[in-house]
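Notes to accompany the following structure.
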Amino acid sequence: MYIQCNNTELVIVNLDTINVNFDSTLLRGLKEKKCLLISSDIKRRSYFKENLSDVKIWIDLFNGDFDIRRDLVSLLNDNHTNPYECVFITGEKRDVEFVHQKHISVVLLNNEDKDGDDRHFMPDFSVDNENELAQLFSQDLKGYFNEIVFKDESGTGIFKLFKIKHSIFDDFEADLIFGGRFFVDTDPRRYIHPLTQAIRVFKFGNKKLNNSFSLLLSKNLNIVENNVENIDLITAVPPKPSKENLFKPLFQESHLVDYASKLDLDILRTNMEYKPQKSVGSFANRAINVLGKFSSRENIHGHVVLIDDIVTSGSTTLECAKVLYENGADKVTIICFAAQQSHSQGKELEELKCDCGHKYRLRFNYDKGSAFWGCSNYPTCKNTMTYNIGKVTYNELIQLDDFRNDNIFNIF
Ligand SMILES: [Zn+2]
């Protein structure tokens, strides 16, 4: 995501998770911006409140009764702000997942445990110090993760190697590196995310961006050569028998000339058709769905790089890696264009309906310092619910499915 803190509708800061060292930088960055600050610290609240003229919303924590994870979106609704027009700044890694699921861009501050990041929930930026934070507010940065920006074919940020294991045979594992993130079609950010758009174009068989994709691959191949080990062979997840191999033309582009001699796209074959992974449900089902569907040439040796477009569960790619290992590969490293990001259930508060047919929204009584649920059809309908009754009802309504069990690729 190419968030620009100068350009967002609303900056939300979870101050409770952020070291006070960042306060002066935050204060400068937030000047003249519409912001929502979350803090349970009265002194800190006063500090920001006194120094910022444009704090449009201010949340007190309602004696511990307010839950940012559940109540954030209703607050945005009340403020007529779309989640994807906001940026959320936090110092807590666990916030990243929930913010993602709300389709909000996220900046992670001072995250020391970078290797622990979940590939399904990559932050837009990971900021280590005050200087980087100040930069974020003043410049049009192009994304924390190493995402290829398709307009100028550059990428910024940190490359990261992940370990990925076969869901059934977990002694088969591989290093994974990807060129950026992919947003699913239920996520409004897909419309403005260049890599997501580009992959959609690629998957439909349009070759106009092949040069950029070959650049993405060459950059990732360089990283693997320099940080993992020498590459002996390069191959790709084979298409289904009825489909053309979309990776083949990429290796005719100039960026991949240096790797052409290591390329062999005939190593792996698809034995038979299999159901679309999106249609079979859970990650375990996906692994079973592709079990035995691939075979490989025998007598493979050395370090094999396996290319795929999007890593979701990793089932298809890991099944191919397993077949490579079974046929002699010493090491398999996977390079994907992108890692699929969180899948939101998108139900939110639509389900919490008033008898009159309109939905309930979370409201605040600033005099009492308490929250309650009120019908959005007010003043025509004056129905309200206490905060706790609404909370219990809401939790019953949104029995959230794990996103991994949902059908993810609706359009492919
Ligand atoms: Zn009503």
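Compute the distance from the alpha-carbon center of region 303-346 to that of region 260-276, in whole Å.
13 Å
Please give the residues of region 179-197, grouped as numeric ranges, whose backbone N is less than 19 Å from a label point set 7 Å along the Cα-to-Cβ vector of GLU85.
In region 179-197, the label zone of GLU85 (backbone N under 19 Å from the point 7 Å along Cα→Cβ) covers 187-193.
Quick check on the exposure proxy: order THR186, THR386, THR235 from fewest to most C-beta atoms within 10 angstrom.
Ranked by crowding around the Cβ, least crowded first: THR386, THR186, THR235.
If you average the sequence gap of Cα pairs under 8 Å that are 6 or more apart and divide by the length of region 162-340, what percent do you get for the contact order?
Normalised by residue count, the contact order of region 162-340 is 31 percent.
Contour minus end-to-end for LYS203 and ILE168, with contour as 0.36 nm per residue of separation and end-to-end as the Cα-Cα distance?
Between LYS203 and ILE168, full extension yields 9.8 nm more.
About its Cα centre, how strong a charge dipole does region 162-340 have in debye, to the nearest 20, once Lys and Arg get +1 and Asp and Glu get -1 at the Cβ?
Dipole about the Cα centre, nearest 20: 840 debye.
Which order results if TYR47, TYR360, TYR191 are arranged by neighbouring Cβ count within 10 Å, fewest first?
TYR191, TYR47, TYR360
What FRET efficiency comes out for ALA284 versus ARG44 if R0 is 45 angstrom and r is the Cβ-Cβ distance? Round to the nearest 0.05.
On the way: r = 45 Å, r/R0 = 1.01.
The computed FRET efficiency comes out at 0.50.
I'd like the Karplus ³J(HN,Hα) series for region 33-42: coefficients 6.51, -1.76, 1.60, θ = phi - 60°, whole numbers in Hz, and an x wherever there's a Gly or Pro.
9, 7, 9, 10, 10, 10, 7, 9, 9, 4
If each residue's Cβ is checked for other Cβ atoms within 10 Å, how do THR380, THR393, THR25 rank with the fewest at the top? Can you show the working numbers first?
Details: THR380 8, THR393 16, THR25 20.
Exposure proxy ranking, most exposed first: THR380, THR393, THR25.
Let me know the Rg and Dmax you get for region 150-296 when you use only its Cα atoms, in Å.
16.3, 41
In the structure displayed, which of LYS219/LYS331; LYS208/LYS331; LYS33/LYS203; LYS93/LYS248; LYS165/LYS240; LYS248/LYS322 lie more than 28 Å apart, Cα to Cα?
LYS208/LYS331; LYS33/LYS203; LYS93/LYS248
May I ask for the net charge around ASN383, where only other residues with Cβ less than 15 Å from the Cβ of ASN383 are counted and Lys, Arg are +1 while Asp, Glu are -1?
+4
Bear in mind these aren't lab numbers, they're just calculated from the coordinates by the rules spelled out. Please read all numbers here as calculations on a predicted model, not as lab measurements. Note: ideal-geometry Cβ built from the backbone for every residue, glycine included; neighbour counts use all protein chains shown.
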